[in-house]
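To start, the structure itself, in structure tokens.
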Amino acid sequence: MSLTPLWLSHPLCLSTRARRASGHEIGHALLTSPSPNLSKTSRLRLPAPCAPPPPPPSEMPRPPTNPTLNPPFLPLASLPSARALPPTRLYPEKRPRRLSSAAVSVVASTSFSADPSAELRALCSHGQLAQALWLLESSAEPPDEDAYVALFRLCEWRRAVEPGLRACAHADERHAWFGLRLGNAMLSMLVRFGETWQAWRVFAKMPERDVFSWNIMVGGYGKAGLLEEALDLYHRMMWAGVRPDVYTFPCVLRSCGGVPDWRMGREVHAHVLRFGFGGEVDVLNALMTMYAKCGDAVAARKVFDSMTMMDCISWNAMIAGHFENDECNTGLELFLTMLEDEVQPNLMTITSVTVASGLLSDISFAKEMHGLAVKRGFATDVAFCNSLIQMYASLGMMGQARTVFSRMDTRDAMSWTAMISGYEKNGFPDKALEVYALMEVNNVSPDDITIASALAACACLGRLDVGVKLHELAESKGFMSYIVVANALLEMYAKSKHIDKAIEVFKCMPEKDVVSWSSMIAGFCFNHRNFEALYYFRHMLADVKPNSVTFIAALAACAATGALRSGREIHAHVLRHGIGSEGYLPNALIDLYVKCGQTGYAWTQFCAHGAKDVVSWNTMLAGFVAHGHGDTALSFFNQMVKTGECPDEVTFVALLCACSRGGMVSEGWELFHSMTEKYSIVPNLKHYACMVDLLSRVGQLAEAHNFINEMPIAPDAAVWGALLNGCRIHRHVELGELAAKYVLELEPNDAGYHVLLCDLYADAGRWDKLARVRKTMRDKGLDHDSGCSWVEVKGVVHAFLTDDESHPQIREINTVLEGIYERMKASGCAPVESHSPEDKEVSKDDIFCGHSERLAVAFGLINTAPGTLVSVTKNQYTCQSCHRILKMISNIVRRDIIVRDSNQLHHFKDGSCTCGDEGYV
């Protein structure tokens, strides 16, 4: 019985494990050959070197930092290899095994034979591995090369790792150098076992190597994930004068596609043509796959169209290549052409087409593929079922995906991962974590994609506890080097309000892609650290090309801080990169200009947006509302409906806010009732809060209270807070105290509502009650956040805190404020109202109290040209005193002033505000 190793039938099937090491310098003569010309011989003989045996891995030289820059004549010992591992024994210890009685009888009858090598070959031919290994280790004379080869082939065929390593140890002790047949057999077995480091040592002890030896090593390094090292070995093989064969190029091309290295792939393509393998189907299939993975679907299709003979793998490679390069329609067309040419699709074909049909949201075609798979008997295959789950998940049909999953007799890690990812992407993060918990119960080991999907679910739910456990699991399994896991951790920590932990993960990442940078920038915006977001964005531009997600996050940071000039620079980047015509990016630009008070630019951007969606309309609508143009907002809504755009919940929140700030009660009621009657939208708590705010602002406090009592859902703090604010405006203390009672029961530690109650008592002159509320705040430790305002001057954003005296221009700022006060006093418009108990005339020090928006406005007046707009952003609402004074300043200096606070946007011009003084009476 001839036991041919699997390498002879398919030399590309190699293991995926490897260890970092470097062989000793046995190949010096090979690598210092003076002629780079390729020899026509298929093997090269080397003199036996006198180098000492290789040192253990701990003493190996460090690989070069850039292997691609190595000169071609380096000793083999310098070749980079697998990941560094701690020093271990090269082979396991020899230990005798107890043999069965039958085995003892066989051995007894042959142990005194004159030819132990022949007996060893006979045992191997009959598959008696244990007896063969016992005979090998007990024989006084070493067997010949053929006996070793037979034993190694048997170990490889049986996948017997420990016996194979013991046989290797025996051969290593008795042979200073390995012959060609023996060395190749050892290489084939060791690479199959994933022992790349030991295979490298055997390779280094072979004075003679042929193309098969090199193919094993090149393919082994590629399968182990050491792609750059595999390509380096291929280069050394070519310099050594070894002519590649039909098995060499698929190995090398697979590594080129895995890097991906398009230039190297083109070079190998030239070698394919030079050596006459341009007609080999296997080589051309590998070429197509390489080009597709390098993102060059056009070159891959040229190779496909030039083929005179194709097999099913050829069709699969080209179809999958189109899918990988986001050409799903072209891939499906090629699949239909495949059926027309009567080429029978296999499991791989149907699996890839099934996933693509889900990405195209073609439900009917997806169901046809499901039926085709059932007809061909693939319905029970695990790989196909996994693709079916992915397809249904892409279509949002998680019920069908769950049915397929539950009917699977066997599930692998990919099955569980497909369900977790499907639930997370379809907005069911809680179910995603439930499936992950079941996966743990079933003792299925997660992979990197599983952990990344579960982390995404944790980010949606804010489950920091589960996310931390997943972080620990990723570290224990060595997944932190996988960029998909690290990126998921960044998003999880950022959305869980632990942005500093995300910074730690980001700094430890060996590689960062555009998703990494975008996650950090968006995370800073989510945690209101907008200056850091812009800082990271500027640093990113030096290394990584941003995408639309990056620009959206950076524009959000500019909008939050009022950094109009920085936003315009980012807009220029968008135009320069040629993106932004579709998706959310145009909406982000509209939002930027709206929040910076540039409604004209926002309107221009809105009109230029060719694919307007409901978000585009809502953003522009909110801009009109923020600038106090309630009538324009209602007209804009009517235009939106006429174009056929269906409004959503956000639309009506903006419309009700417009009615509230404009005092349009009847219009507000009409819109509120039309939600359910005309648009089938069930009002939520935000809509109820807007209605309460509308009624409260116009003084209909009793109606607002009755409206709350008749709500079909329990009111939240925002609803009661709207009533409290209305009571503050109209100084209705009794009802305000009732509203405060409910709101503080719901949000006992919210400093903002305590401050609103203090304002109610201050406006009503209830100083004793105000003192009690302030004492309660001190007892609870509810220090009101310090006010902060930002103003952009010459592309630089300046921040001012309340009572901030640290700015370099504070003297000039105070001088400007003092001059404005003198002009106000001379004109007789100096304010005299006070919230002090004595109610006496307010002094200059009381009026210029150091509120952050006043400092920012004064700074803007100093450092901008006369007549230009001064735009300020504040993190809190603008107090009544500041609102009145800013109106007066705009009239005195004849400048437009925009202050966007946490509540609304105020555009001061000629002594008036676009808010209509709502809430400041």
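Every number here is computed from the coordinates shown, using simple stated rules; none is lab data. Note that the structure is predicted; figures quoted are calculated from it, not measured. Glycine gets a Cβ as well: all are built from the backbone with ideal geometry, and neighbour counts include every protein chain shown.
What the table shows:
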item	result
Label-point separation in nm, D311 to F531, each point 7 Å along Cα→Cβ	6.5
Separation between Cα centres of the range 286-322 and the range 693-714, rounded to whole Å	67
Listed residue (C251, A240, L227) projecting farthest to the positive dipole end of the range 196-252, Cβ model	A240
Cα-based shape type of the range 367-471, given that a ≥ b ≥ c are square roots of the gyration tensor eigenvalues and the cut on a/c is 1.5	prolate
Under 19 Å from the Cα of K469 - lysines, other chains or at least 8 residues apart	K431, K477, K495, K497, K501
Spin-label model distance (nm) - I363 vs A865, 7 Å beyond Cα toward Cβ	5.9
Sparse-neighbourhood loop sites, GluC sites (Glu not before Pro) in the range 569-675 - DSSP loop, at most 13 other Cβ within 10 angstrom	E582
Net lengthening on full extension, A413/M711 (0.36 nm per residue, minus Cα-Cα)	102.5 nm
Per-peptide average of other Cβ atoms within 10 Å, ordering 168-181, 814-827 highest first	168-181, 814-827
Listed peptides 256-264, 551-559 by packing density, highest first (mean Cβ within 10 Å)	551-559, 256-264
Extension reserve of the E475-V615 stretch, reckoned as 0.36 nm per residue once the Cα distance is removed	46.4 nm
At R0 = 56 Å, FRET efficiency that the Cβ-Cβ distance of E440 and K825 yields, to 0.05	0.15
Cα centroid of the range 586-658 to Cα centroid of the range 466-539, whole Å	33
GluC sites (Glu not before Pro) restricted to DSSP loop in the range 682-755 with at most 14 other C-beta within 10 Å	E710
Relative exposure of R166, R158, judged by other C-beta atoms within 10 Å (fewest first)	R158, R166
Trypsin sites (Lys or Arg not before Pro) within the range 662-717, DSSP loop, no more than 12 other Cβ atoms inside 10 Å	K678
For the range 684-784: rounded, prolate or oblate by the Cα gyration tensor [a/c cutoff 1.5]	oblate
Relative packing of 629-640, 229-240, 879-890, which averages over residues the other C-beta atoms within 10 Å, highest first	229-240, 879-890, 629-640
Given charges at beta-carbon only (K, R positive; D, E negative), |dipole| of the range 684-784 in Debye	320
Extension gain (nm, one decimal) between D326 and V544, 0.36 nm per residue minus Cα-Cα	76.3 nm
Between the range 793-826 and the range 359-433, the Cα center-to-center distance that results, in Å	63
Inter-label distance, nm, simple model (7 Å from Cα along the C-beta direction), T643/I579	2.4
